[in-house]
Amino acid sequence: MIEDPEVLSTFLDEADERIQSVTDHLLAVEKSGELSKDRAEHLQRTLHNLKGAGRMIGLTHFQNLVHTMEGLVKAAGTGLDPAELVQLLLEGADEIRIVCGSMRAASRPLDPPELDTVNDKLALFLPAEQPPEPVEASEPPHLHTGAPLPIDHHYDPAEAGIMLDDFLAEADEMLETLQNACLALEKSPSLGEINNVFRVAHTLKGSSGIINLKAMNELTHSLEELLDGARKGEREITREWVDLLLAALDELSVILKKLKTKREFDHDIGPMIGRIEALKEGRPINAARADTPGASQPAAHESDPPKPAASEGAAQSIRVDIVKLDKVINLVGELAIAKIRFDQRIHEAESLKDELARVARAVRGEFDAAKVRSDIELLDATFLETLEDQRRASEDLQRISGELQEAVMRTRMVPVAQVLNKFPRMARDISKAQNKTVNLSISGEETEMDKTVVERIGDPLMHLVRNAIDHGIESPAERRRAGKPEAGSVSIRACYQGDQVVIEVSDDGGGIRRQKVLAAAVEKGLLTREEAEVMTPAAALDLIFKPGLSTADKVTDISGRGVGMDVVRDSIAKLKGVVSVHSEEGKGSTFTVKLPLTLAIIQVLMVKAGGRRLAMPLAAVQESLLVESKDIHSIGPRETFNLRGEAMSLVRLADMLGDAGHAWSGGSSVRHIVVATSGREKVGLEVDAFEGKREVVIKTLGTVLKRVRFAAGTTIMGDGSLVLIADLHEIVRASKEMEAVSMARRIVDKAPMAKDAARDKTVEPPAGAAPPRTFRASLLLVDDSPTVLQLLSPGIESGGIRVFKALDGRQALEILKKEKIDAIATDVAMPQMDGYELCRRVRKMPGKDAMPVILFSAKGEKMDKIRGFDAGADDYFVKPFEPSAIVAKLESMLRLVQSK
């Protein structure tokens, strides 16, 4: 074989073009019902050229198959039916397309013996006087001979090499397509549906043969033979036939799961092969299973395969539409052009600077007033022109960077069909087990979301669909008594709503019985009878999301244990989403899931509350408004205000966040209020000020951030400051579950007393209490953000280092004079005195010249770090980082200082 990469690339391009041409002409023949002389000549010429190209590369099996296809076209004039010709040639074309794709992925020529299987099949339709002209091959015979199949197969994924990931992605899609096609076949048996299933099974057989995955290859071959009998009308398509087909697909799924672990494995296909053979021969399937040597439980009940050997950080891939990729590439090109223009403006500004210096020198000496005036006017005009050019260049950069950001985010978007298309099979199996007839409809499956969201939303949605069928849809007898059709309906609908995706799971079943939910909640101790009597319908329905609450009359293997709906809500909340329910007794229920398009970038409302800046996700903000203080009313310990006729609870956000001791502008004539929502619940959150809307990138701080309540994440602003993103869903839920305002006031009342007590005296620990913490070193932590100080301090102190905190460089210098400090970690961008200047001042202080100093900043460019080291810093950290990193660095620095 010729191994030259350029030659191979040229061959593959030619093969793709010729196979596509053959396919287009065959589809035209199928549509017209006849093979014209012109089309026959075109097909012969195209296949003949493709055969010659394969011969030049040295692909023996490849050219044999193409030669047979060419012979079939010639035989069409001697009685071969056009429809049959199209079917045969499309099978050959599919096989060639698979092999060419594998060659492109492997970047080397491949000539698998598997091609002979298709070649032999097609050759059966050649006239006796026109046998194929086989070319001698040195490869071993193809997989499928007449010999008995081995039962157990061992496989090492290393055999697949670089083709493994491509095969896994393709096989996943094909198995999903096969499942949906089988379900369609069960509802509407037709030759077209049978051919569809046959074609996909045939393609999967070929792909698995390419990587030598014999277990899958031989099982799909058995399925192919079973389907071929149905195509020829030799077997009737029954429920038992479809059940076996789906069971075989389950077996293939188990093989695929084992393959995904990327570890060596064994798989016994004997039992399933035996069942298929029994059906083909008309023997009972169950008996065949028992009699088959080595038979075991069906694949659907096999234990889960071992977890993948790859770590969580292993590389992952995503298929990107070429249109999206082209968009990104074009924008990168525009960005490069815009940068050149921007650099040109800088060059012009430098020229203006030189010209201005020349004029200044002229003014200082003897000068011609008229000429200087003319020079200044020219400079002024040039400056204004350069300024305008710079403004336009800046706008272009802003536009392009925004579009590029959106385009890159779009490359992470995948259709929710990847999840939703798995549900028809599940719905079919559950309804069959429940002796119910359920029609599942799916719409909006083309709606796209971030790949991470799509991958993690599957289990919560599956639980909702299972519940809809098991709990929601009544038995056929109950539906008849209620005047409903025997077949129940479950629908899944996905659509865009602003910058969110809404997924609704609805059923036309019996609905949720509110009184039964309340009774179960009282029995579980979640409510008192008095609370249950006054609870609103919406709040009562929301109880189904409480842990352990179940209204099922019986426990099944599907549901009814009271475990699940709380997990559904928690799982969706982790995706920054929310789930709500609406139900009417006797008519059905609808669960509505709202999710962000992406977890990376969101729109937020910036506010100030309790002396800190916060970002509120706009997806959970209904509106922001100013309310006069006279329109705020007190009802018991709570404050409320009227929002278009609706009494809305008012909570001071600073109190929820633990900033109750901060000065409160409650005496102001106007109050700033944000109406936050979580499902059907709403609450008014009072803040100190609004700072406008903006788009931010979400970041996390690992284990540190998890200790901060009501924090959904963090973001870094343009000035390098760190801002928390509030978890509004959790805040709304918390405010509805407790007397937030009264609790906050108790905190406000007690906070000053606690602080005074701490200042005035040292409280001795009670007998038996743990001894006070001892520290082996002290650190001065400097940052103008109280949030950063709050986040970093506990983690650093847990590492045995005492933390002194300062809000800017000047305050830090004062603490250095009063306290014994071993090291300093300081932010760079701060008011009063920045980190660079603080570092320089410390180096000039007597006895502090060797003190370890660490700078940290959101800016991590090379020049930023050089400035830090020039100022005297020992290290430079880029936000965000873990406190443990600071502790580890300090320990090594302090050991070095002590050794000197």
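Miscellaneous remarks
- Here the strands (runs of 3 or more DSSP E) wholly within region 354-471 that include at least 1 residues being surrounded by 15 or more Cβ atoms within 10 Å (Cβ to Cβ) and in contact with an Asp or Glu (Cβ under 7 Å, 6 or more places away or on another chain) are 413-415.
- Region 705-726 residues that are assigned by TED's automatic domain parsing to the domain that holds Gly610 and at pLDDT below 70, paired with ones that are hydroxyl-bearing (Ser, Thr, Tyr) and part of a loop (DSSP other than H, G, I, E, B) (beta carbon under 9 Å, 6 or more apart): Lys706/Thr700
- Residue within region 646-653 that is of a type in the set (D, E, K, R), crowded, with 21+ Cβ neighbours inside 10 Å and over 30 Å from Leu420 (Cα atoms) present: yes
- Single unsatisfied condition, Leu124 versus (1) at pLDDT 80 or above; (2) surrounded by 15 or more Cβ atoms within 10 Å (Cβ to Cβ): (2)
- All positions within region 403-432 that are of a type in the set (Gly, Ala, Ser) and either in contact with a Phe, Trp or Tyr (Cβ under 7 Å, 6 or more places away or on another chain) or within 15 Å of Asn330 (Cα to Cα) (or both): Ala407
- Members of region 460-483 that are more than 31 Å from the chain's Cα centre (by Cα) and among the basic types (Lys, Arg): Arg479, Arg480, Arg481
- Residue satisfying condition, being among the β-branched types (Val, Ile, Thr), within 19 Å of Glu882 (Cβ to Cβ), surrounded by 15 or more Cβ atoms within 10 Å (Cβ to Cβ) and modelled with pLDDT of 90 or more, within set Val842, Val803, Val788: Val803
- Of all residues making up region 206-254, the number that are under 39 Å from the mean Cα position of the chain (by Cα) and within 19 Å of Gly192 (Cβ to Cβ): 7
- Gln603 meets the conditions (1) within 19 Å of Ser678 (Cα to Cα); (2) surrounded by fewer than 18 Cβ atoms within 10 Å (Cβ to Cβ); (3) modelled with pLDDT of 90 or more in every case but one. The failed one is (3).
- Selection within region 610-656 - closer than 19 Å to Asp688 by Cα and among the β-branched types (Val, Ile, Thr): Val621, Val627, Ile632, Thr640, Val651
The values are calculated or read from the model by the stated rules, or taken from the named source; none is laboratory data. Model, not experiment: these values are computed from the prediction. Glycine also receives a Cβ, built like all others from the backbone with ideal geometry; neighbour counts cover every protein chain displayed.
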